[in-house]
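Just below is one structure, and these are the notes that go with it.
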Amino acid sequence: MKNKEIEKHKIAAEKLELIKNKAFDFIRRNLDKVSEYDVQNFILTEFKKEDLVANEKYPVQIVATNENTGFVHYFPEKRKAKIIKKDSLILIDIWARLNAKGAPFADITWMGYNGKNIPREIRKILRRVIEARDFTINFIKRHLKDGKFPRTKDVEMAARNYFQKFNLDKFFLHRVGHSLGFHTCHAKYFRFDKKSKTRIKPNIPFTIEPGLYFKDKFGIRSEINCYITEDYKLIITTKMQKEIVKI
């Protein structure tokens with residue numbers, strides 16, 4: 001991508017950060033009143049205000065609470081969506097691009113919790129997910145330091161091997177990330193996969209998003225965006241979650 005296109009990605013990422021914060025605040029102000037579906041609609045309304053567009057044919061976003069966070073791709077439906085209550089875990093995964101020509105997507109996931117005492121198990125799994133994210137980033141940086149664009153399958157396995165050390169790899173139910181495109185947030189520039197034969201390409205934004213999912217209990221994901229310059233520098237374009245957002 002050209003520099004001006006990457007700059008549009010960065011602007012979209014900044015706008016998503018703002019909307020994510022507004023969504024958590026919307027939940028905070030309306031506990032026990034709004035559902036996952038209501039928060040999704042709030043996010044889509046904010047997209048319009050910020051002149052952002054999601055996937056045209058399927059613009060829905062991911063807002064999940066408690067056991068619904070344990071589904072990798074949970075999309076709230078009006079009739080089935082849960083009301084967000086006190087002492088609840090919340091996952092927000094949003095993606096969009098500027099409503100302009102040559103504007104790539106940005107895509108982030110953050111975790112929040114309402115309540116004074118975050119359960120120990122949730123805090124433990126969040127720590128593992130964040131450690132896996134940071135381990136994967138450092139794995140990429142080590143290759144770049146040697147003047148190499150890492151193979152996508154090696155990046156994928158870095159995250160999986162990290163979880164395996166704690167016997168958690170079976171709960172990692174999706175790939176470690178994906179490239180970001182102009183027409184969809186899941187682009188085909190390169191693919192993170194155990195069988196992939198490609199390398200990360202320079203100047204193409206991509207996600208790093210390890211997660212762990214426990215059926216009927218909860219799930220945790222941390223998703224950031226980044227790209228690699230032609231001179232082997234990793235540029236992270238989104239904020240990195242370190243602790244659960246207290247709502």
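The values are calculated or read from the model by the stated rules, or taken from the named source; none is laboratory data. Please read all numbers here as calculations on a predicted model, not as lab measurements. Glycine gets a Cβ as well: all are built from the backbone with ideal geometry, and neighbour counts include every protein chain shown.
Checking Asp146, Asp154 one by one, the residue that is in contact (Cβ under 8 Å) with a residue 12 or more places away in the chain and charged (D, E, K, R) is Asp154 and no other. In this structure, does Arg133 turn out to be assigned to a helix (DSSP H, G or I), under 15 Å from Ser222 (Cα atoms) and either charged (D, E, K, R) or in contact with a helix residue (DSSP H, G or I) (Cβ under 6 Å, 6 or more places away or on another chain) (or both)? Considered against the rule, which asks whether it is assigned to a helix (DSSP H, G or I), under 15 Å from Ser222 (Cα atoms) and either charged (D, E, K, R) or in contact with a helix residue (DSSP H, G or I) (Cβ under 6 Å, 6 or more places away or on another chain) (or both), Arg133 comes out as yes.
Taking the stated definitions as given, is Pro104 surrounded by fewer than 21 Cβ atoms within 10 Å (Cβ to Cβ) and closer than 30 Å to Asn3 by Cβ? When the stated conditions are applied, Pro104 does not pass them.
Out of Lys80, Lys141, Lys124, which single residue is in a loop (DSSP other than H, G, I, E, B) and surrounded by fewer than 20 Cβ atoms within 10 Å (Cβ to Cβ)?
Details: Lys141 fails: in a loop (DSSP other than H, G, I, E, B); Lys124 fails: in a loop (DSSP other than H, G, I, E, B).
That would be Lys80, the only listed residue that is in a loop (DSSP other than H, G, I, E, B) and surrounded by fewer than 20 Cβ atoms within 10 Å (Cβ to Cβ).
Here is the figure for segment 26-66: residues that are in a loop (DSSP other than H, G, I, E, B), at pLDDT 95 or above and among the charged types (D, E, K, R) total 4. Residue under question is Ile94, and the condition is that it be among the β-branched types (Val, Ile, Thr) and surrounded by fewer than 20 Cβ atoms within 10 Å (Cβ to Cβ); does it hold? So Ile94 does not fit the description; no. Among the residues of segment 102-121, just one is at positive phi and either in contact with a Ser or Thr (Cβ under 9 Å, 6 or more places away or on another chain) or part of a strand (DSSP E or B) (or both), namely Gly115. The set of residues from segment 157-191 being part of a loop (DSSP other than H, G, I, E, B), touching a helix residue (DSSP H, G or I) at 6+ places or on another chain (Cβ under 7 Å) and free of Cβ contacts under 8 Å to residues at least 24 places away in the same chain comprises just one member, Arg175. In the set (1) part of a loop (DSSP other than H, G, I, E, B); (2) over 30 Å from Asn114 (Cβ atoms), the condition left unmet by Tyr227 is number (1). Counting only residues that are in a strand (DSSP E or B), within 30 Å of Ile27 (Cα to Cα) and either under 15 Å from the mean Cα position of the chain (by Cα) or without any contact (Cβ under 8 Å) to a residue 60 or more places away in the chain (or both), segment 199-224 holds 11 of them.
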